[in-house]
1. What's the total number of residues in the range 1-14 that are closer than 15 Å to Gly110 by Cα and either more than 14 Å from the chain's Cα centre (by Cα) or at pLDDT below 95 (or both)?
2. Please go through the range 92-124 and give me each residue that is farther than 15 Å from Val34 by Cβ and modelled with pLDDT of 90 or more, ordered by number.
3. For the range 81-92, which residues satisfy the criterion of being under 16 Å from Leu5 (Cβ atoms) and touching a strand residue (DSSP E or B) at 6+ places or on another chain (Cβ under 6 Å)?
4. Got a number for residues in the range 4-22 being β-branched (Val, Ile, Thr) and more than 17 Å from Lys97 (Cα to Cα)?
5. Does Arg63 satisfy the condition of being under 15 Å from Ala4 (Cα atoms) and either modelled with pLDDT under 90 or surrounded by fewer than 19 Cβ atoms within 10 Å (Cβ to Cβ) (or both)?
6. How many residues, within the range 68-86, are buried (at least 20 other Cβ atoms within 10 Å of the Cβ) and of a type in the set (Ser, Thr, Tyr)?
7. Given the conditions (1) under 17 Å from the mean Cα position of the chain (by Cα); (2) modelled with pLDDT under 95; (3) surrounded by fewer than 17 Cβ atoms within 10 Å (Cβ to Cβ), and given that Val50 satisfies all but one, which numbered condition is not satisfied?
8. Considering only residues of the range 66-91 that are touching a helix residue (DSSP H, G or I) at 6+ places or on another chain (Cβ under 8 Å) and of a type in the set (A, V, I, L, M), which is modelled with the lowest pLDDT?
Amino acid sequence: MRKALVPVDGSAAAHRAVRHIVCLASIFPSIEAVLLNVQLEVDEWRVRRVLKKEEIEAMEESRGGDTLQQDREVLKAAGVRFTPVVEIGPAAETIAKIARERGCDGIVMGTRGLGAVSSVLLGSVSSRVLQFSHLPVTLVK
């Protein structure tokens, strides 16, 4: 894998996926990561009544940048090349779209490890990414 998309949301599972990329970099020093945080679009009418669309997007991008900070530091300390990206939209669809647009070879993402029944009932972003993406997906538990 030369270029991996790593979606992060600030969870422990996402941090484990970033650490997995660091391990891969020790084997494949040329690996590059696209560190992605997806913010859900604010669709609350009370917020939209007060703030302009551009202000809401700036707020979401700022929040996404904050979420990326810890993982950026981990990759930087390990000497792994990366590009931080914040996008707004539905998580799974956006992850698959950005991986495709950025020319990634695969997706490495954390999973919270829900059991089979919980995953069926609740759904999960990782399960949906498997549906939307044609790229190999590595799930890190």
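The values are calculated or read from the model by the stated rules, or taken from the named source; none is laboratory data. Quantities reported herein were computed from a predicted structural model and do not represent experimental measurements. A quick note on method: Cβ atoms are made from the backbone with ideal geometry, for glycine too, and the neighbour counts reach across all protein chains shown.
1. First pass over the range 1-14, keeping only residues closer than 15 Å to Gly110 by Cα: 4-14.
Okay, now just the ones that are also either more than 14 Å from the chain's Cα centre (by Cα) or at pLDDT below 95 (or both), so 8-14.
Final tally of qualifying residues: 7.
2. So in the range 92-124, the residues farther than 15 Å from Val34 by Cβ come out as 92-93, 110-124.
Passing the criteria: Ala92, Glu93, Gly110.
3. Arg81, Phe82, Thr83, Pro84, Val85, Val86, Glu87, Ala91
4. Within the range 4-22, the first condition is being β-branched (Val, Ile, Thr), and the residues that meet it are 6, 8, 18, 21-22.
Right, trim to more than 17 Å from Lys97 (Cα to Cα) and you get 18, 21-22.
Count: 3.
5. Numbers: under 15 Å from Ala4 (Cα atoms): no; either modelled with pLDDT under 90 or surrounded by fewer than 19 Cβ atoms within 10 Å (Cβ to Cβ) (or both): yes.
Considered against the rule, which asks whether it is under 15 Å from Ala4 (Cα atoms) and either modelled with pLDDT under 90 or surrounded by fewer than 19 Cβ atoms within 10 Å (Cβ to Cβ) (or both), Arg63 comes out as no.
6. 0
7. So Val50 meets the others, but not (1).
8. Among those residues, the one meeting the criterion is Ile88.
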